[in-house]
Each structure stands twice: as C-alpha cells, then as structure tokens.
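J.: Have a look at this one.
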Amino acid sequence: MVRRRRPPGKKQEKAIVIHRILLAALLAGLAVLAAAAQPAPRREAIRIGILSDLSGSFADVAGPGSVVAAQLAVEDFGGRAAGLPVRILSGDHQNRADTGSALARRWFDTEGVDAVVDLPNSAIALAVGEVARSANRVALVTAAVASRLTGDACSPNLIHYALDTWSMSNVPSRALVQAGGETWFYVTADYAFGHDLEKQSMDAVTRAGGKVLGAVRHPLGTTDFSAVLLQAQASRAKVVALANSQADFINGMKQTAEFGVARRGQRVVGLAVYVSDIVSLGLEATQGASVVGNWYWDLNDGTRGFARRFGERMGGRMPTDLQANVYAAVTHFLRAADALGGAADGRAVVARMKAMPTQDAIFGGGMIRADGRRISPVYLFTVKAPADSSGRYDVYRVEREVPAEEAYRPLEQGGCPLSRGG
C-alpha cells in the first residue's frame with residue numbers, strides 16, 4: 001500500500017518561504033562580496049577629446065589647429081600622466097548643439113574620454129557642459145565666449161579658458177575712454193551675441209566717464225555696410241565699435257577702410273576679433289584698429305617658441321589665442337590628473353585644477369577661480385601699419401596689458417552658485 005505524503009501545513013509553507021528568502025539573500029550577498037573582491041579594471045589611458053568645428057566657420061580660429069595644440073601639450077608633458085599614456089581624440093560638432101552633445105555623451109559613456117576641450121560656439125559649449133556634469137567628466141571651454149559659462153550656467157565640472165563677452169567688451173571700452181576716446185558709436189550684429197557685446201561695452205563706456213552717441217544694427221550675414229557706416233561717420237564719435245564677428249566683422253572692417261573711417265579721425269575697435277581675421281583682411285584694411293585678446297604669438301620667447309612648433313605642423317600658420325588656450329588647458333588638466341593618480345572623477349579633477357596655480361610655457365602663471373574662470377592678463381592690441389610689419393603674421397602691437405584682476409567680471413557679479421560655496 002502506497003502512503004501519500006501529507007501536504008505541508010501553513011507553518012511548514014511559511015518556513016519554506018522564509019528559507020528560500022534567506023537563501024536568496026545569502027547568495028546575493030556572496031555575489032556582491034565576490035564582485036567587491038575583484039580588482040577594478042585597470043585604465044589603459046587618459047583620453048582627451050578635442051570637440052571642435054573642423055571644417056566650418058570656426059575652423060581657422062580653432063579647428064585642426066586646436067588638435068595640434070593639444071598634441072603639443074601632451075608631448076611637452078611627456079606623453080603620460082599618472083603612469084598612463086595620454087590619447088587625443090578629435091571630433092567635428094558641425095556647429096550643431098545636438099551633434100556636439102551626442103558626440104560628447106558617446107565619448108564619455110563608451111570611449112572612456114576623461115575631458116572634452118575646445119568647444120567653439122557657445123550654444124554647444126553650454127550643452128556639452130551639462131553632459132559633462134551628468135557624466136562627471138571634465139569640460140574645458142577654450143573657444144566659446146558666453147559669460148554664462150561662469151555665471152548662472154557654471155558647473156563643478158567646467159573651466160572657461162577663453163575670453164568672454166564681458167572681457168571682450170570691458171577691456172577695450174575702459175582703456176580707450178581713458179586714452180581719450182570719450183564718445184562711442186556702435187555697429188552691431190542683430191542677434192543675441194551682438195546685443196550682449198553692445199550692452200556690456202556701453203555700460204563700461206558709461207562707467208568710465210564716456211558717452212554713447214548711438215548705435216545701428218545690421219542683420220547677420222550683411223555684405224553691404226555702406227548705410228550703417230554713413231551713420232557712424234555722421235555721429236562724429238571718436239570711437240566706432242564693431243560689435244560683430246567672423247564674416248560680419250570682416251565685411252564691415254573692409255568697408256570701414258573703403259569709407260576712410262580711420263583716415264577721418266575715428267578710431268575703429270573690433271570687440272570680437274581673432275588674429276586670423278586680421279591676417280585674412282590684411283594690414284591695409286585694418287591698420288590702426290584696436291582689438292583685444294588674452295594671448296598673441298609674438299609676446300615673448302615662450303610664445304614664439306610654441307608658435308614656431310605649431311607652424312611647422314600647420315603649414316606656417318601662427319596659432320590664435322583660442323588654440324593657445326587649448327595648450328594651456330590640456331597642460332593644466334594633465335597636471336591635475338597626474339596629481340590624483342589618473343582618477344576619472346571629473347569633479348575631483350576640476351577641484352584640483354582650481355587648487356593648483358596655472359603655469360605653462362606660453363601663458364606663464366595664473367589661477368582658476370571658484371566659478372571656473374581661468375584668469376591671466378588681457379591685452380589691448382593696435383593693428384600695425386604695413387610698413388611696420390616684418391611678415392604676414394606680424395600684425396599686432398601691444399597697446400596695453402590689463403592685469404588679470406581687472407580684466408574679468410568680478411566674481412560676486414556673475415551669479416555662479418559655486419562662488420558662494422554652493
């Protein structure tokens with residue numbers, strides 16, 4: 001006779017369930033301990049991505065030259081940091097914020113990139129800054145000029161090396177008013193960037209004791225500046241400020257020469273000009289104009305040495321200040337990464353970069369403030385006359401060196417939470 005097993009009672013069922021739960025918890029705990037016992041995967045390299053405009057409107061001022069500047073910085077550092085080889089990647093954001101953000105995210109998430117550098121185009125820099133924050137990696141903005149990067153959009157993962165619209169407007173405005181240029185007229189590109197340059201310059205002129213006589217705005221991409229330049233001449237202002245950039249500046253500046261603005265006693269100042277713009281236009285069209293920058297290739301032996309090496313790889317071209325910023329940013333990043341043993345924690349690396357004074361062969365010494373602003377001296381340049389130039393890239397004479405503590409927006413005025421310890 002077969003004896004049937006009695007089904008388990010409620011107490012037995014409860015005991016079985018508890019036993020299974022305890023067994024599952026034990027197995028899960030053992031798995032966690034086993035995983036913790038495994039050594040962390042060894043990093044194979046420190047990777048730096050140069051995210052730039054490689055073929056569009058920013059290619060001359062940043063672009064391929066920024067990649068070369070990064071390579072030179074890595075070579076000068078010895079090619080390794082924290083015992084790891086340093087690799088340089090490059091990518092083209094095509095002047096699209098979505099493209100730039102997607103590439104940065106892929107680099108951070110799947111390709112092990114530790115820092116993204118360059119970022120011409122402020123919309124892209126702001127977007128990639130947020131990607132770096134969420135991924136806890138590093139964004140080193142060496143080309144975009146938005147003041148927001150160290151203002152309301154500041155980040156513990158971001159450092160801003162390029163001049164911003166505050167410095168580009170305030171430095172020449174104060175200096176020229178103090179030098180006798182008391183009255184100003186503006187030729188302004190009619191979009192947010194131009195408006196920002198115009199407003200900040202007007203405020204600086206007024207604070208310095210000067211007077212704004214008027215302004216006229218032109219559409220982005222204007223080729224005929226005759227009407228606006230006639231208004232500038234009619235104002236009889238001592239200074240005509242071009243609050244525009246790139247093709248708009250080039251077209252406007254060329255026509256100021258054709259209209260004889262400078263010959264009739266008005267000083268022309270470009271608020272957002274790069275040395276490549278002056279080289280493109282030539283000294284006949286630009287002589288006597290005032291421009292601002294945080295670096296120039298012919299300042300001293302260190303800058304000239306870097307420029308010579310850069311030119312050997314760039315067909316004789318001299319570096320822009322944006323490309324020099326890349327060299328400085330990569331150098332300081334590698335110093336911080338080396339000090340931290342190659343740590344991939346972006347916030348920790350940026351904090352170390354802020355704690356260490358900046359020092360390199362082409363900018364000399366400086367510092368990074370709590371809001372992420374790298375500060376160093378800024379220069380007001382005057383464009384040379386053709387007779388005073390020794391070659392194609394010999395275009396600037398230093399008019400004034402503005403100390404770092406005067407050249408940037410005061411920390412308390414930017415609205416960055418980090419400046420308040422937040």
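The values are calculated or read from the model by the stated rules, or taken from the named source; none is laboratory data. Since we're looking at a predicted model, the values are computed, not measured. Every residue, glycine as well, gets a Cβ built from its backbone with ideal geometry; the counts of neighbours run over all protein chains shown.
J.: Among (1) touching a residue at least 60 places away in the same chain (Cβ under 8 Å); (2) surrounded by fewer than 22 Cβ atoms within 10 Å (Cβ to Cβ); (3) closer than 30 Å to residue 297 by Cβ, there is one condition residue 45 misses while meeting the rest; what is its number?
T.: Only one criterion in (1) touching a residue at least 60 places away in the same chain (Cβ under 8 Å); (2) surrounded by fewer than 22 Cβ atoms within 10 Å (Cβ to Cβ); (3) closer than 30 Å to residue 297 by Cβ is unmet by residue 45, namely (3).
J.: Out of the residues in the range 236-253 that are out of contact with any helix residue (DSSP H, G or I) (no Cβ under 9 Å at 6 or more places or on another chain) and more than 19 Å from residue 183 (Cα to Cα), which is surrounded by the most Cβ atoms within 10 Å (Cβ to Cβ)?
T.: 251
Conditions (1) surrounded by fewer than 18 Cβ atoms within 10 Å (Cβ to Cβ); (2) closer than 26 Å to residue 332 by Cα; (3) among the β-branched types (Val, Ile, Thr), marked per residue:
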residue	(1), (2), (3)
361	yes, yes, no
378	no, yes, yes
395	no, no, yes
403	yes, yes, no
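J.: Of 337, 324, 343, which residue is surrounded by fewer than 21 Cβ atoms within 10 Å (Cβ to Cβ) and among the small types (Gly, Ala, Ser)?
T.: 343
J.: Kindly provide the set of residues from the range 259-285 that are among the aromatic types (Phe, Trp, Tyr) and either on the phi > 0 side of the Ramachandran plot or surrounded by fewer than 20 Cβ atoms within 10 Å (Cβ to Cβ) (or both), ordered by number.
T.: Listed by number, the list holds a single entry, 259.
J.: How many residues does the range 337-365 hold that are on the phi < 0 side of the Ramachandran plot and in a strand (DSSP E or B)?
T.: Number of matching residues: 4.
J.: Can you name every residue in the range 127-144 that is buried (at least 24 other Cβ atoms within 10 Å of the Cβ) and outside any helix (DSSP H, G or I)?
T.: Selection gives 137, 138, 139, 140, 141, 142, 143, 144.
J.: Tell me, please, whether a residue that is among the hydrophobic types (A, V, I, L, M, F, W, C), within 21 Å of residue 341 (Cβ to Cβ), without any contact (Cβ under 8 Å) to a residue 60 or more places away in the chain and in contact with a helix residue (DSSP H, G or I) (Cβ under 7 Å, 6 or more places away or on another chain) can be found in the range 114-137.
T.: No, that holds for no residue.
J.: Looking at the range 382-392, is at least one residue out of contact with any Phe, Trp or Tyr (no Cβ under 6 Å at 6 or more places or on another chain), assigned to a helix (DSSP H, G or I) and closer than 24 Å to residue 305 by Cβ?
T.: Looking for residues that are out of contact with any Phe, Trp or Tyr (no Cβ under 6 Å at 6 or more places or on another chain), assigned to a helix (DSSP H, G or I) and closer than 24 Å to residue 305 by Cβ, one finds at least one in the range 382-392, hence yes.
J.: Restricting to the range 407-422, count the residues that are free of Cβ contacts under 8 Å to residues at least 24 places away in the same chain and part of a helix (DSSP H, G or I).
T.: 3
J.: If you go through the range 339-370, how many residues are basic (Lys, Arg) and closer than 17 Å to residue 294 by Cα?
T.: Selection size over the range 339-370: 1.
J.: Shifting gears a bit: Got at least one residue in the range 380-387 being hydroxyl-bearing (Ser, Thr, Tyr), touching an Asp or Glu at 6+ places or on another chain (Cβ under 7 Å) and assigned by TED's automatic domain parsing to the domain that holds residue 242?
T.: The answer is yes, given that some residue of the range 380-387 is hydroxyl-bearing (Ser, Thr, Tyr), touching an Asp or Glu at 6+ places or on another chain (Cβ under 7 Å) and assigned by TED's automatic domain parsing to the domain that holds residue 242.
J.: To continue, here is another question. Mind checking which residues of the range 386-422 are among the small types (Gly, Ala, Ser), at pLDDT 95 or above and more than 22 Å from the chain's Cα centre (by Cα)?
T.: 387, 389, 390, 391
J.: Mind checking which residues of the range 56-81 are surrounded by fewer than 16 Cβ atoms within 10 Å (Cβ to Cβ) and modelled with pLDDT of 95 or more?
T.: 75, 78, 79, 80
J.: Restricting to the range 306-336, give me the number of residues that are assigned to a loop (DSSP other than H, G, I, E, B) and among the polar types (S, T, N, Q).
T.: Qualifying residue count, the range 306-336: 1.
J.: Continuing with the same structure: Hey, does the range 230-237 have a residue that's in a helix (DSSP H, G or I) and under 28 Å from the mean Cα position of the chain (by Cα)?
T.: No: the range 230-237 contains no residue that is in a helix (DSSP H, G or I) and under 28 Å from the mean Cα position of the chain (by Cα).
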